[in-house]
1. Tell me which of these Leu305 doesn't satisfy, since it passes every other one: (1) touching a Phe, Trp or Tyr at 6+ places or on another chain (Cβ under 9 Å); (2) within 15 Å of ligand 1 (Cβ to nearest atom); (3) over 16 Å from Pro271 (Cα atoms).
2. Keeping to the range 16-42, report how many residues are crowded, with 21+ Cβ neighbours inside 10 Å and either in a strand (DSSP E or B) or among the acidic types (Asp, Glu) (or both).
3. Spot the failing condition for Val276; the list is (1) in a helix (DSSP H, G or I); (2) of a type outside the set (Ser, Thr, Tyr); (3) touching a residue at least 40 places away in the same chain (Cβ under 8 Å), and only one is missed.
4. Of all residues in the range 243-275, which are aliphatic (A, V, I, L, M), within 13 Å of ligand 1 (Cβ to nearest atom) and surrounded by 19 or more Cβ atoms within 10 Å (Cβ to Cβ)?
5. Give me the residue from the range 99-124 that is touching a Ser or Thr at 6+ places or on another chain (Cβ under 7 Å) and more than 30 Å from Leu225 (Cα to Cα) and, out of that set, surrounded by the most Cβ atoms within 10 Å (Cβ to Cβ).
6. Given Leu367, Leu337, Leu320, which one is part of a helix (DSSP H, G or I) and farther than 21 Å from Ser274 by Cβ?
7. Does Arg284 fit the bill of being touching a Cys at 6+ places or on another chain (Cβ under 8 Å) and more than 16 Å from ligand 1 (Cβ to nearest atom)?
Amino acid sequence: MTGPRHTTVGIIGAGPAGLLLARLLHRAGMDCTVLEHRDRAYVERRQRAGILEQGTVDVLRACGAGERLDREGLVHDGIELRHDRRAHRLDFPALTGGRRVTVYAQTEVVKDLIALQLASGPPLLFDAQALAVAGADTSRPRIRYRHKGREHTLTCDYVIGCDGFHGVTRSAVPAHERRTYERSYPYSWLGVLAEVPPSSDELIYAHSARGFALFSMRTPTVSRLYLQVPNGTDPADWPDDRIWDELERRAAVDTPWKLERGPITAKSVLPMRSSVTEPMRYGRILLAGDAAHIVPPTGAKGLNLAVADVTVLARALAHLHRTGSTALLDAYSATCLRRVWRAEHFSSFMTSTLHTDPDQSPFETRLQLSQLDRIATSPHAAAELAENYTGLPLG
Ligand code: RFL
Ligand code: PHB
């Protein structure tokens with residue numbers, strides 16, 4: 001079996017972006033093929049995002065991936081911010097005219113989309129590593145890939161790079177045709193999963209002089225917790241008791257609150273970076289999701305942006321398929337980048353307002369506290385945060 005040799009849309013990467021795009025194209029009657037470097041178990045186990053905007057939930061439902069999400073997803077009406085030993089709740093529906101978010105892990109979104117794809121979708125090849133993409137400025141771009149130890153070439157009408165931040169597609173765009181805007185941060189997150197019910201019904205984002213802490217969840221019995229740590233931290237330096245003690249100190253408030261402790265089942269350190277590559281299209285190569293842009297996770301935007309990109313892209317490709325017009329495809333990059341830069345700003349704002357930079361002066365700490373006070377006391381400032389967090393309408 002040599003695999004397909006030609007496809008209308010060649011998709012590199014079976015993360016949320018690639019899988020959802022394949023699903024949307026399939027439903028629009030278009031032929032496509034997905035190539036994924038890793039095996040299915042690896043892709044399904046990768047611990048990542050947990051918060052879905054309403055727009056993301058709507059797209060997943062509309063493409064048939066909403067059944068388990070509707071059953072198991074936890075609908076949240078707000079988050080809590082903590083600073084200066086005080087807690088303040090943001091009521092999302094009240095602040096945004098009815099918008100909410102859903103807690104449903106990226107691992108589950110990916111499992112649901114893979115199951116649909118394997119049951120009734122276009123080809124999805126695991127263990128298929130794209131090695132290079134060529135011919136962006138021709139009418140037949142090509143993907144050279146290795147599958148089960150053998151090299152193949154897939155010719156395509158369009159190649160979509162959904163291959164994440166470390167993928168190969170971006171580099172197929174000539175260097176002088178793309179520009180990357182980047183920021184790195186002087187801290188990382190230590191993320192843990194714990195077999196213990198969440199200590200609060202909603203997520204808690206805590207500012208503290210000791211560093212940021214986030215209390216999230218996966219299910220009613222599994223907590224997902226994060227601590228700001230220095231770059232280069234080894235998770236082995238964080239035994240379970242140290243993690244729980246630190247979470248407790250950073251979230252301390254003057255009102256009663258109890259942190260439930262339990263067995264920690266996974267620990268990893270995630271670096272934080274902001275990056276955008278422009279434009280998101282070059283000839284017949286298009287980038288979507290983390291392949292084009294990444295955000296620090298503080299605003300919970302990474303997965304939602306990937307979904308927004310491929311929703312816009314699927315519409316554009318379906319329009320081309322139906323009408324022969326490239327008008328929407330020509331607008332793809334500009335349409336997505338407006339939303340991308342809004343999310344970049346919000347993610348960077350949340351990150352710099354809530355984290356403690358190791359070189360931060362007392363003056364800068366006062367500015368952070370003033371901003372958090374403003375959010376806690378001004379409905380306008382709170383609404384600005386809530387609108388961005390729950391997601392802006394698709395452009
Ligand atoms: P993904 O999920 O990275 O998927 C890309 C896929 O492409 C495959 N791939 C290749 N396949 C074939 N040939 C090649 N040459 C390939 N190179 C790569 C990869 O194996 C992979 O399957 O990108 P996508 O689909 O754009 O989705 C984006 C989201 O995954 C991402 O934005 C978020 O998960 C970001 N993110 C988080 N966001 C949050 O909102 N909250 C979080 O807590 C959170 N945690 C995270 C994260 C991203 C992380 N990464 C990328 C390091 C934690 C981590 C560790
Ligand atoms: C998560 O549950 O993994 C999560 C939630 C909110 C964030 C980041 C990560 O801002």
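The values are calculated or read from the model by the stated rules, or taken from the named source; none is laboratory data. Quick caveat: nothing in here was measured; it's all calculated off a predicted structure. Every residue, glycine among them, receives a Cβ derived from its backbone with ideal geometry; neighbour counts consider all protein chains shown.
1. So Leu305 meets the others, but not (1).
2. 5
3. Condition not satisfied by Val276: (1).
4. If the condition is that a residue be aliphatic (A, V, I, L, M), within 13 Å of ligand 1 (Cβ to nearest atom) and surrounded by 19 or more Cβ atoms within 10 Å (Cβ to Cβ), then Met272 is the only one that fits.
5. Pro122
6. Leu320
7. When the stated conditions are applied, Arg284 passes them.
Yes or no, residue by residue, for (1) without any contact (Cβ under 8 Å) to a residue 12 or more places away in the chain; (2) more than 16 Å from ligand 1 (Cβ to nearest atom); (3) of a type in the set (Val, Ile, Thr):
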{"position": "Arg23", "(1), (2), (3)": "no, no, no"}
{"position": "His26", "(1), (2), (3)": "no, yes, no"}
{"position": "Glu44", "(1), (2), (3)": "no, no, no"}
{"position": "Val57", "(1), (2), (3)": "no, no, yes"}
{"position": "Ala65", "(1), (2), (3)": "no, no, no"}
{"position": "Asp70", "(1), (2), (3)": "yes, yes, no"}
{"position": "Gly78", "(1), (2), (3)": "no, yes, no"}
{"position": "Arg100", "(1), (2), (3)": "no, yes, no"}
